[in-house]
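The next block holds one structure in the form of structure tokens; read it before the comments.
Just so it is clear, none of the values below were taken in a lab; they were calculated from the coordinates. Predicted model only: the values in this text are computed from it and were never measured. Please note: Cβ atoms are built from the backbone with ideal geometry, for glycine as well, and neighbour counts cover all protein chains shown.
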Amino acid sequence: MDILLLSDVKNIGKKGDIITAKEGFARNFLLPKKLGMIATRETRTVLQRQKEKTQKTSKANESRSREYARQLEGKILTFTKPKTEKGTLYAALTEQDIKEAVHAHIGVSPAALSLSSLHHLKHVGQYSISVDCGHNERATLVVQIT
């Protein structure tokens with residue numbers, strides 16, 4: 001009996017897989033627990049359409065991430081903050097401040113970006129920051145605090 005798995009089942013398969021299961025296992029375990037459903041021609045067609053749609057969306061997101069990384073690479077963001085005579089900032093520059101500046105420049109949602117190991121920047125100077133744009137796309141931008 002062919003079963004379309006509706007969720008991951010340990011040692012059996014992952015969500016979306018079509019497996020061949022013995023009738024008793026399917027009727028007594030998979031179907032009552034809503035872990036799977038009988039794979040018909042219609043469900044196979046729907047599954048195929050969903051996979052194609054997911055692949056298109058994934059490719060679009062990947063190209064968008066690549067474009068964001070291209071736009072951010074080598075970009076210099078300048079921040080002017082109040083500071084002491086020794087160059088220590090009164091209020092640190094945070095990850096959120098940098099994300100908002102990136103959003104203002106290229107329109108990327110702050111939630112879509114991940115800045116690598118950034119601690120609050122508390123001194124005047126120039127810092128190199130690695131940005132993860134998603135889909136293994138990374139860019140390095142320069143933050144300059146004056």
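Below are the figures for this structure:
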| item | result |
| --- | --- |
| Kirkwood Rh in Å, taken over all unlike Cα pairs in the range 2-63 | 12.5 Å |
| D8-T78 pseudo-label distance in nm [points 7 Å out on the Cα-to-Cβ vector] | 4.9 nm |
| Net charge, T88 excluded, C-beta distance under 13 Å - Lys, Arg +1, Asp, Glu -1 | +3 |
| For the range 66-145: span of alpha carbons on each principal axis (Å, largest first) | 42, 19, 18 |
| Ranked packing of 90-99, 74-83, most packed first, by mean Cβ within 10 Å | 90-99, 74-83 |
| Convex hull projection area averaged over all views, the chain, Cα basis, nm² | 12.1 nm² |
| Antiparallel DSSP beta bridges within the chain, percent to nearest 5 | 85 percent |
| Cα long-axis angle, helix 95-106 against the chain (0 to 90 degrees, to the nearest 10) | 80 degrees |
| Neighbour-count ranking [beta-carbon atoms within 10 angstrom, fewest first] of R66, R49, R41, R27 | R41, R49, R27, R66 |
| Long-range amide H partners of K75 with built H, under 5 Å | V142 |
| All lysines inside 22 Å of K83 as judged from Cα atoms, apart from same-chain residues fewer than 8 positions distant | K99, K122 |
| Extension gain, T57 back to H120 (0.36 nm per residue minus Cα-Cα distance, nm) | 19.2 nm |
| Computed [θ] at 222 nm, helices only, for the chain once each DSSP H run of length n ≥ 4 contributes -39500 (n - 2.57) | -10500 deg cm²/dmol |
